[in-house]
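*Asks:* Mind looking over this structure? Questions follow.
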Amino acid sequence: MARVSVIGVPSSAGSYAAGQERAPAALRAAGLLEALRARGTEVHDAGDLPEQVWQPDRNNPLVQNLDEVIACLRELAGRLGPLFEQGDKVLVLGGNCTIALAVIAALRNTGNSPRMVYFDRSYDINTPKSTTDGALDWMGMAHALALPGCVESLVDAFGYRPLIEPRQVAWLGVEPAMATEWEGEQAVRLGLRAITSQAVVADPAGSGAVALDGLRGGPLAVHFDVDVLDFTDAPLAENTDGRNTGPTLEEAALALFTIVRDPGFRALSIAELNPSRSVGDPDAIPRFIDVLARVFEAAL
């Protein structure tokens, strides 16, 4: 049975504000590693990267904290490489959604062409020219795909251009109404495969199977942004817009169980969890940890 390595990325540098850098410590303190082991999983604690806390970058307002983000992602890719080479499955605790790029890059460095299921309410294919927000956490996949208008230093950060092809990614849980005009146009132009949030709610396990269908080839990475969840059911995400919409935590778990049983599954990255959101619901993080433990039990 494969070992699971857990690595934390306590960074909010690419986020809208501070908070997500606290997620790895909060998950550890709430018993994540113990919950994994309690289900028979062999766990290797690979530690955490250095902490990065978001600060307003007034010199680069449309692409804030770029150098910090690139440095973090390069270090993460370097730390993941040996774990993948020795056959571990990896749980990456973000942090923000840019961590998906480092996971893809590390898998590519093993000589394989990776696949990804991107479980998120957003496509994350904005660019500094399509939005004025300046937060890289919803621009990550645009840079992975090397879309027009992206920042060259991030597109080329890992030596692959593009880092991944559109046909190698399936988006799961997308809420089309939340997409910017640019995202909608690019989704059509590129023929992106996207399963909506409503489809996940209607048939969680089936939507997971649909996401995998057509993704052929090498190792599989799953990226999970907790803002895909119904915020009322599981108040975890930095983005609080998803109230009374989207899958519950248990519905999302059913989709994940299907996906991680794929023989090529190698990595699950967790992003956009802000521990301050769940202060009023002390069970939210323990419930989330229980899902993660069950997901890796299913994967192994």
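*Asks:* Per-residue counts of other Cβ atoms within 10 Å, averaged by peptide: what ranking do you get for 81-91, 248-258, highest first?
*Replies:* With the highest mean Cβ count within 10 Å placed first, the list reads 248-258, 81-91.
*Asks:* Among GLU272, GLU181, GLU21, which one moves the most in a GNM of the chain with springs linking Cα atoms closer than 10 Å?
*Replies:* Greatest mean-square fluctuation among the candidates belongs to GLU181.
*Asks:* Follow-up. Given only helices, namely DSSP H runs of n ≥ 4 each adding -39500 (n - 2.57), what is the per-residue ellipticity at 222 nm of the chain, to the nearest 500 deg cm²/dmol?
*Replies:* -10000 deg cm²/dmol
*Asks:* Also, I was wondering about something else. What distance in nm separates the simple spin-label points at THR131 and GLN198, each placed 7 Å from Cα in the Cβ direction?
*Replies:* 2.3
*Asks:* While we're looking at this one, here's another question. Given contacts defined as C-alpha pairs under 8 Å and at least six residues apart, what's the relative contact order of segment 92-196, whole-number percent?
*Replies:* Working: 152 pairs, mean separation 31.4, N = 105.
Answer for segment 92-196 is 30 percent.
*Asks:* May I pose another question? For the chain, what class follows from the C-alpha gyration tensor (a ≥ b ≥ c being the square roots of its eigenvalues): rounded when a/c is under 1.5, otherwise prolate if a/b is larger than b/c, else oblate?
*Replies:* Rounded.
*Asks:* Mind checking the dipole of segment 244-300: about its Cα centre, +1 per Lys or Arg Cβ, -1 per Asp or Glu Cβ, Debye to the nearest 20?
*Replies:* Dipole magnitude for segment 244-300 comes out near 160 debye.
*Asks:* Give me the dipole magnitude in Debye, nearest 20, for segment 54-189 about the Cα centre, with unit charges on the beta carbon: positive for Lys and Arg, negative for Asp and Glu.
*Replies:* Value, rounded to 20: 360 debye.
*Asks:* In percent, how large is the relative contact order of the chain, given Cα pairs closer than 8 Å and 6 or more residues apart?
*Replies:* Relative contact order of the chain: 22 percent.
*Asks:* Can I ask one more? Let me know the charge dipole size of segment 134-244 about its Cα centre in debye, to the nearest 20, where only the beta-carbon of Lys, Arg (+1) and Asp, Glu (-1) is charged.
*Replies:* Dipole magnitude for segment 134-244 comes out near 480 debye.
*Asks:* Here's another thing I want to ask about it. Along the charge dipole of the chain, which of ILE70, VAL228, ALA105 sits closest to the positive end, that is, farthest toward it, with unit charges on the beta carbon of Lys, Arg, Asp and Glu (+1, +1, -1, -1)?
*Replies:* It is ALA105.
The numbers here are math on the coordinates, done by the rules we state, and not lab data. Here the structure is a predicted model, which is why all the values come from computation and not from measurement. Methodologically, a virtual Cβ is constructed for each residue, glycine included, from the backbone with ideal geometry; neighbour enumeration extends over all protein chains shown.
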